[in-house]
């Protein structure tokens, strides 16, 4: 796997450490552009000598063992065997990788016929409630789940990390990711989102509308996207190649570093704002 081909959140170690200090059960939402294995490696690397590593996935165990260099302290189980957790002693550091479960098939073992991903998540949540010494990181690709499903998942976690191609957002207790919140986030930072998308692959306006809709369930109008592309072109960041049917936008040759700097500055500004909000929240709680 080429880890450099995908985006990894900046400062992920600090983000995970800060989140684990406040919660034992973290929900990590991401888009397809992110290298989830890099995040998972960081999470496992933080384990203590008294912790056993457990990976819950629908993928082949050999693939996961090879990904983590055959760690002898790691066990891999399939979702349908999640109840084996009850028989495992000691402290567990758990990753539940739901990107490997398509969420479309019903689990016939469950009388309520609940979708498999929610059924597995419910079993894990029950285990963590009854066994306080364990830690879990639940990872979901938000482009594969409808907004109402994400809302239910967020409601059952007291810590949420939302990662998009160029920014990481943290939420604290009683998180609730609503459609309106995600839509506001995307539209307020649409220029940065578009730059991040085009920096990875040249695309036309309809490509942008489609990708934003699939990843965030936000429907952009051509009247929003094309004036923004024209502005970014006027600013010397993008150029376009015209064909018979469409205009394809790409970074201006030699300006790639400028775009990368804009993305990095935006990410750093977000981290600064997040730290500020967290400090204000702590002061309010201790006042």
*Within segment 33-69, restricting attention to residues that are in contact with a helix residue (DSSP H, G or I) (Cβ under 6 Å, 6 or more places away or on another chain) and assigned to a loop (DSSP other than H, G, I, E, B), which residue is nearest to residue 96 (Cα to Cα)?*
57
*asked:* Suppose we filter segment 241-268 for residues that are assigned to a helix (DSSP H, G or I), modelled with pLDDT under 90 and touching a strand residue (DSSP E or B) at 6+ places or on another chain (Cβ under 9 Å); how many remain?
replied: 3
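Does residue 168 fit the bill of being at pLDDT below 90, in contact with a strand residue (DSSP E or B) (Cβ under 7 Å, 6 or more places away or on another chain) and within 28 Å of residue 23 (Cβ to Cβ)?
On the way: at pLDDT below 90: yes; in contact with a strand residue (DSSP E or B) (Cβ under 7 Å, 6 or more places away or on another chain): yes; within 28 Å of residue 23 (Cβ to Cβ): yes.
So residue 168 passes the test.
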*Taking segment 124-137, which residues are within 14 Å of residue 77 (Cβ to Cβ) and either surrounded by fewer than 19 Cβ atoms within 10 Å (Cβ to Cβ) or not assigned by TED's automatic domain parsing to the domain that holds residue 55 (or both)?*
127
*asked:* Any residue that is out of contact with any helix residue (DSSP H, G or I) (no Cβ under 6 Å at 6 or more places or on another chain) and either modelled with pLDDT of 70 or more or not assigned by TED's automatic domain parsing to the domain that holds residue 35 (or both) - is there at least one of those in segment 102-118?
replied: yes
*Would you tally the residues in segment 231-245 being surrounded by 14 or more Cβ atoms within 10 Å (Cβ to Cβ) and over 18 Å from residue 196 (Cβ atoms)?*
0
*What number of residues within segment 210-227 are surrounded by 19 or more Cβ atoms within 10 Å (Cβ to Cβ), assigned to a helix (DSSP H, G or I) and in contact with a helix residue (DSSP H, G or I) (Cβ under 6 Å, 6 or more places away or on another chain)?*
3
*Hey, can you tell me all the residues within segment 182-206 that are modelled with pLDDT under 90, surrounded by 15 or more Cβ atoms within 10 Å (Cβ to Cβ) and farther than 18 Å from residue 264 by Cβ?*
182, 183, 185, 186
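The values are calculated or read from the model by the stated rules, or taken from the named source; none is laboratory data. For clarity, every value in this text was computed on a predicted model and none was experimentally measured. Note: ideal-geometry Cβ built from the backbone for every residue, glycine included; neighbour counts use all protein chains shown.
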